[in-house]
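To start, the structure under review is shown below, and the notes come after it.
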Amino acid sequence: MTDLNYLWKIKIEELPFGAEGAVLEAMHDYPKGKTILLPPADWNGDSEEEFFFDPIGFKHKLIALFHHYAAQATTIMEANLTFQERANQIIKLDATLYTILYYYLNQEHDASTLDSSDVERLILMSTDLYFKPTTSTKNDWLNQLNQAKFLKV
């Protein structure tokens, strides 16, 4: 991922999926996913929340979404737009791509985050990650993602 100018130029399939261990387990035991019950964060013992645990579907949907938004970003960059028009659209797409890559590379998933039934909503509701720059001494990929963002904040 080094020496990249833009997030939409990344070849996501060449990157390590952070939850690959869960994918390998799922391929054998539950290739189409499974429903699991987990206690909510504020669990008082009464009820558990239901999630669709599908690491394989989650990974595939992230890849498909990445390609979709990367194609849009490429089109915007090649279009005859004013700087303001291009910047407004490309920053929104860049934030979405950053968030997809964040979830794709992140190794700290719990079972509830690998729910493939609502991946796009999760991504679109999490784009604030783009505007909260964080660095990590443990995760070099996060530092590299920050360097490839269109808008350096």
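Count of region 59-118 residues, restricted to those that are outside any helix (DSSP H, G or I), among the hydrophobic types (A, V, I, L, M, F, W, C) and under 18 Å from Glu13 (Cα atoms), is 0. Looking across region 100-153, the residues that are over 21 Å from Tyr30 (Cα atoms), of a type in the set (A, V, I, L, M, F, W, C), modelled with pLDDT of 80 or more and open to solvent by less than 40 Å² (accessible area, probe 1.4 Å) come down to Ile100, Leu101, Leu105, Ile123. Does Ala19 satisfy the criteria of being of a type in the set (A, V, I, L, M, F, W, C), surrounded by 19 or more Cβ atoms within 10 Å (Cβ to Cβ) and touching a Pro at 6+ places or on another chain (Cβ under 7 Å)? Answer is yes for this residue. Out of all the residues in region 79-98, is one or more at pLDDT below 90 and of a type in the set (Phe, Trp, Tyr)? The answer is no; no qualifying residue exists. Considering region 1-16, the residues that are at pLDDT below 90 and exposed (fewer than 11 other Cβ atoms within 10 Å of the Cβ) include one that is farthest from the chain's Cα centre (by Cα), namely Asp3. Output the residues belonging to region 51-63 that are touching a helix residue (DSSP H, G or I) at 6+ places or on another chain (Cβ under 7 Å) and open to solvent by 20 Å² or more (accessible area, probe 1.4 Å). Selection gives Phe51, Phe52, Phe53, Ile56, Lys59, Lys61, Ile63.
Could you please let me know if Ala71 is closer than 17 Å to Tyr6 by Cα and modelled with pLDDT of 90 or more? Can you show your working first?
Numbers: closer than 17 Å to Tyr6 by Cα: yes; modelled with pLDDT of 90 or more: yes.
Yes: the conditions hold for Ala71.
Every residue, every condition in (1) in contact (Cβ under 8 Å) with a residue 24 or more places away in the chain; (2) of a type in the set (Ser, Thr, Tyr); (3) in contact with a helix residue (DSSP H, G or I) (Cβ under 7 Å, 6 or more places away or on another chain), yes or no:
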residue	(1), (2), (3)
Gly21	no, no, no
Met27	yes, no, yes
Pro31	yes, no, yes
Lys34	no, no, no
Glu49	yes, no, no
Ile76	no, no, yes
Thr82	no, yes, no
Glu85	no, no, no
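Considering only residues in region 22-50 that are surrounded by 15 or more Cβ atoms within 10 Å (Cβ to Cβ) and touching a strand residue (DSSP E or B) at 6+ places or on another chain (Cβ under 7 Å), the one that is modelled with the highest pLDDT turns out to be Gly33. Kindly provide the set of residues from region 71-84 that are of a type outside the set (A, V, I, L, M) and within 20 Å of Phe131 (Cα to Cα), ordered by number. Gln84, the sole residue that qualifies. Of the set (1) surrounded by fewer than 20 Cβ atoms within 10 Å (Cβ to Cβ); (2) out of contact with any strand residue (DSSP E or B) (no Cβ under 8 Å at 6 or more places or on another chain), all apply to Thr96 but (1).
Here Thr35 does not fit the description of being polar (S, T, N, Q) and within 26 Å of Leu145 (Cβ to Cβ).
The values are calculated or read from the model by the stated rules, or taken from the named source; none is laboratory data. Everything numeric here is computed off the predicted structure, so don't read it as measured data. Heads up, the Cβs are rebuilt from the backbone with ideal geometry, glycines too, and the neighbour counts pull from every protein chain shown. The accessibility values were calculated without ligands, DNA or RNA, using every heavy atom of the protein model including side chains. Shrake-Rupley method; radii C 1.70, N 1.55, O 1.52, S 1.80 Å.
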